[in-house]
Amino acid sequence: MTDLLSGTAARAPGPDAHRAKRPAKSPLQRVLGGQGRQWLLLAPAVLMLLVFFAYPLADIVWRAFTDPEPGVGNFSDLLADPTTGRVMGRTLLTSLVVAVTTLLLAYPYAYLMTVTGPRMRAVLMALVLLPFWTSLMARNFAWIVLLQDGGPLGMLGSLFGRDGGLLGTAPGVAIGMVQVLLPYMVLPLYSVMSGIDRRLMSAASGLGAGRFTCFRRIYLPLSMPGVISGTTLVFVLALGFYVTPKLLGSPKESMVAQVIGTKVEKLLDFGGAGAFSVILLALTALLLVLVSRVSRAGAALGLSAKED
Amino acid sequence: MHFPSRRLGAATVAIALTMITAGCSSGSGSDSGGKQLTFTSYGSGYQEAQAKAWLTPWAKEAKVKAVQDQPTDYAKIKTMVESKRVTWDVVDTEPFFPVGACDKYAEKLDFKKIDKSKFPEGTVSDCAVPDAMYSLVLVYNPKKYPNAKPASISDFFDTKKFPGKRLAPGFATGGAIEAALLGDGVASNALYPLDYDRAFKKLDTLGKNLSFWETSAQSQQALESQQADMALVWSGRAYMAAKNGTEYVPIWQDNMLAYAVLMVPKGAPNKDLAMDFIAYATNAKSQAAFAEDQPYAAVNSDAKPQLEPLAEEWNTARDDIQEKGFYQDVAWWAKNQDEATKRWTGWATG
């Protein structure tokens, strides 16, 4: 449905339509020459990824299968350990809660950004980006103050059946994570929503649709690429969160990254930590594949909406 | 998750700067005669005081260039030793690591240079000597318990008589297992080998009243904001909190004495210098200087630090505190740390 709509709406003749057809050669293209040599532009980034990402990752996978001895011993140990399932389940649940909460907060916010004037939009954007630029540690310590007993948000603890603060509890961790991850939801949503042609809604209401119907049948489907990419991004980032749960949570709320941390730091069990990382990685990859299957390819990678 | 990239960026800049300045700097800074020692510790005021009391004066005297790194990281030591690219010479650690990995990840120490006769009994081993002492002590908020006062670790677990929030170390080696067994009636000289199941069962009785600290800074923060009515914390942090105006009362009975050690990673590039430095850091004068600066007790029995009254109150080298306390069994922990950590993680994440 999105394709159909973008086919009719987004490609409606506009001032840019003719220019886009035959792009002029940029100076850079002239220097680099033909198509083949353009790939040279990728070389630094690819090299960087190979050295600083692919190689260490390969090393971790290698260790998972070879350290201390070759085989799948690390994996069978993990599967035999009842805590693995509990920690994995808790991590998935927390990530899901965080992703959904973030979406519920970010959706109206991003919508507001698309309908207000440029000045208000700049303010709203700054509100999202300022915390984003503030050190993660500073924000986590601020949350410690806010969430502790007697702290303003700590009072909320009683609502969750705990006398006193939210520090050291799952809701406390979730609140901290939502704040850290909110920009990752707002930005993709805003980028998609700002591309939605709102004349479609006018057309729909002209044909007799109510506001809710307009939203449900037109706006929501059109914003889905942003919803999917934002939710996936936040969910995947949340899966690997370490600092926030470590500082705001307690050992009782450990997530996967913390258990991996304990394996490396305390047990010096690089193989076991590698195996757990590989499981987390495989799960994340599987999730991305699933998402890109149900949505348009690329949405999951944050290339939403505007790639056509 | 922002850190790796930032650190990477910093590293890139650092490498670039090094490359640019390398040409100019060779030949200057000559009074060290090319000798260099890298000391690694846990950072913050602790490491600053170590540098001030030990490293800087020693380096000046020995004409050695002193370099510092932080924080202590066992995984890093393991990786360095296994890849035979060791860059640290002396490291401040918990004793379990070098004692458990003696001659594997830690060098044997040279006791011709280091005088081991002055250390408390049982704190010296082939690969580690103590450099700072403290204890895990039970403290309570006197305002919370104005009438009947807690008097022993059993009271930590008695939420009927003493309702309120409890705080304990959130990692296996921290002493919560020992405290649980003490609270369950085990005598301090009969704790080891630790009965995990019994300890976890006892800790479970505290339920939601119990929360954990993971770093000692957290424990101090929790004391200062009065988050806990009773807490098992390191004496030094309780002292710092007291210094900042928070009044918690210590119960020294069954305090768990513990110490940090200096070790030399296996294959350290400047092993001989490392031995000289360790000898210097643990002598009476250096130890006194450190104890005067930081809330840790001296390990050298000849050290006579001049302490303020409040610092003296929390000074775990005091005879009466030593008599009421017991030493955490480092040898046992060195052998069983992995198993205990696995059991702890299994219980804690449950």
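Inside 10 Å of the C-beta atoms of A:269-279, what's the mean count of C-beta atoms belonging to other chains? Before the final figure, lay out the partial values.
Values: counts 4, 4, 0, 1, 1, 0, 0, 0, 0, 0, 0.
Shielding by partners across A:269-279 averages 1.
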Tell me the label-point distance for the pair residue B:103, residue A:155, using the 7 Å Cα-to-Cβ offset, in nm and rounded to one decimal. 6.4
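With a cut-off of 8 Å between alpha carbons and a minimum separation of six or more residues, what is the relative contact order of the stretch B:177-307 in percent?
Reported as a whole number, the value is 15 percent.
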Could you pull the Cα extents of the stretch B:151-295 along its three principal axes, largest to smallest, in whole Å? 57, 39, 23
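Net charge near residue A:173: determine it from the other residues with C-beta under 13 Å of the C-beta of residue A:173, scoring Lys and Arg +1 and Asp and Glu -1.
Numbers: positive: A:90, A:246, A:252; negative: A:253.
With Lys, Arg at +1 and Asp, Glu at -1, the neighbours total +2.
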Based only on Cα atoms, what mean projected area does the convex hull of the stretch B:56-166 have, in nm²? 11.5
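Count the net charge of all other residues whose Cβ sits under 12 Å from the Cβ of residue B:69, scoring Lys and Arg as +1 and Asp and Glu as -1.
Working: positive: B:76; negative: B:73, B:89, B:92.
Within the 12 Å Cβ shell, the charges total -2.
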Residue B:211 long-range amide H proximity, modeled H, under 5 Å: B:166, B:167, B:168
So what is the calculated 222 nm ellipticity per residue for the protein assembly as shown, using -39500 (n - 2.57) for each DSSP H run with n of 4 or more, over all residues, to the nearest 500 deg cm²/dmol? -16000 deg cm²/dmol
Taking placed amide H atoms and a strict 5 Å upper bound, the residues 5 or more places from residue B:258 or on another chain that come that close are B:134, B:135, B:136
State, to one decimal in nm, how far the label point of residue A:200 lies from the label point of residue B:272, with both points 7 Å from Cα in the Cβ direction. 7.9
How many nm is it between the label spots at residue B:308 and residue A:129, if each spot is 7 Å from the Cα in line with the beta carbon? 4.7
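What is the gain in length, in nm to one decimal, between residue B:82 and residue B:144 on full extension, counting 0.36 nm per residue of separation less the C-alpha to C-alpha distance? Mind dumping the intermediate values first?
Values: separation 62, 0.36 × 62 = 22.32 nm, distance 5.20 nm.
Taking 0.36 nm per residue and subtracting the Cα distance, the gain is 17.1 nm.
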Would you mind calculating the relative contact order of the stretch B:66-152 from Cα pairs under 8 angstrom and at least 6 residues apart, reporting the percent as a whole number? 21
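Which net charge results when you count Lys and Arg as +1 and Asp and Glu as -1 among the other residues whose beta-carbon is under 13 Å from that of residue A:86?
On the way: positive: A:90, A:252; negative: A:81, A:253.
Residues close to residue A:86 contribute a combined charge of 0.
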Helix B:271-281 sits off the longest principal axis of the Cα atoms of chain B, rounded to the nearest 10 on a 0 to 90 degree scale, by 50
Estimated FRET transfer efficiency when R0 is 41 angstrom, pair residue A:137-residue A:207 (beta carbons, to 0.05): 0.15
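Over chain B, what is the mean sequence separation of C-alpha contacts under 8 Å (at least six apart), divided by residue count, expressed as relative contact order in percent?
Working: 575 pairs, mean separation 89.0, N = 350.
Relative CO of chain B lands at 25 percent.
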Shielding by partners, peptide A:257-267 (average Cβ within 10 angstrom, other chains): 5
Listed residues B:281, B:51, B:75; largest mean-square fluctuation, Gaussian network over chain B with Cα springs below 10 Å, found at B:75
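Could you state, as a whole-number percent, how many of the C-alpha pairs of the protein assembly as shown are farther apart than 41 Å?
Values: 85550 of 216153 pairs.
Distances greater than 41 Å cover 40 percent of the Cα pairs.
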Find the centroid of the Cα atoms in the stretch B:52-93 and in the stretch B:172-230, then give the distance between the two in whole Å. 32
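Taking GluC sites (Glu not before Pro) as candidate sites, keep only those in a DSSP loop with at most 16 other Cβ atoms within 10 Å, then name the longest stretch of chain B containing none of them.
Working: sites that count: B:121, B:247.
Segment B:122-246 is the longest.
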Here, trypsin sites (Lys or Arg not before Pro) of the stretch B:31-76 satisfying both criteria (DSSP loop; at most 12 other Cβ within 10 Å) are B:63
What Kirkwood hydrodynamic radius do you get for the stretch B:256-300 when you take the inverse of the mean 1/r over all pairs of distinct Cα atoms, in Å? 11.8
Calculate the FRET efficiency for residue A:294 and residue B:62 from the Cβ-Cβ distance with a Förster distance of 56 Å, rounded to the nearest 0.05. 0.25
With angles folded into 0 to 90 degrees, how steeply does helix B:330-348 sit against the dominant principal axis of chain B? Use alpha carbons for both and round to 10. 60
Hey, got the average number of other protein chain Cβ atoms within 10 angstrom for residues in A:138-150? 2
What ³J(HN,Hα) values, in whole Hz, does the Karplus curve 6.51 cos²θ - 1.76 cosθ + 1.60 give for the stretch A:60-77 when θ = phi - 60°, with x put for Gly and Pro? 5, 5, 4, 4, 4, 9, 10, 9, x, 9, x, x, 9, x, 4, 6, 5, 4
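So between residue A:121 and residue A:216, what do we pick up on full extension, going 0.36 nm a residue minus the alpha carbon distance? The partial results should precede the final answer.
Working: separation 95, 0.36 × 95 = 34.20 nm, distance 2.45 nm.
That pair, residue A:121 and residue A:216, stretches by 31.7 nm at full extension.
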Karplus-derived HN-Hα couplings along the stretch A:98-109 (A = 6.51, B = -1.76, C = 1.60, θ = phi - 60°), whole Hz, x at Gly and Pro: 5, 5, 5, 4, 4, 4, 4, 6, 7, 4, x, 4
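FYI, it's all coordinate maths here, none of it is from the lab. Bear in mind that the values here come from a model prediction, so they are computed numbers and not experimental data. With ideal geometry, Cβ positions are generated from the backbone for all residues, glycine too; neighbour counts draw on all protein chains shown.
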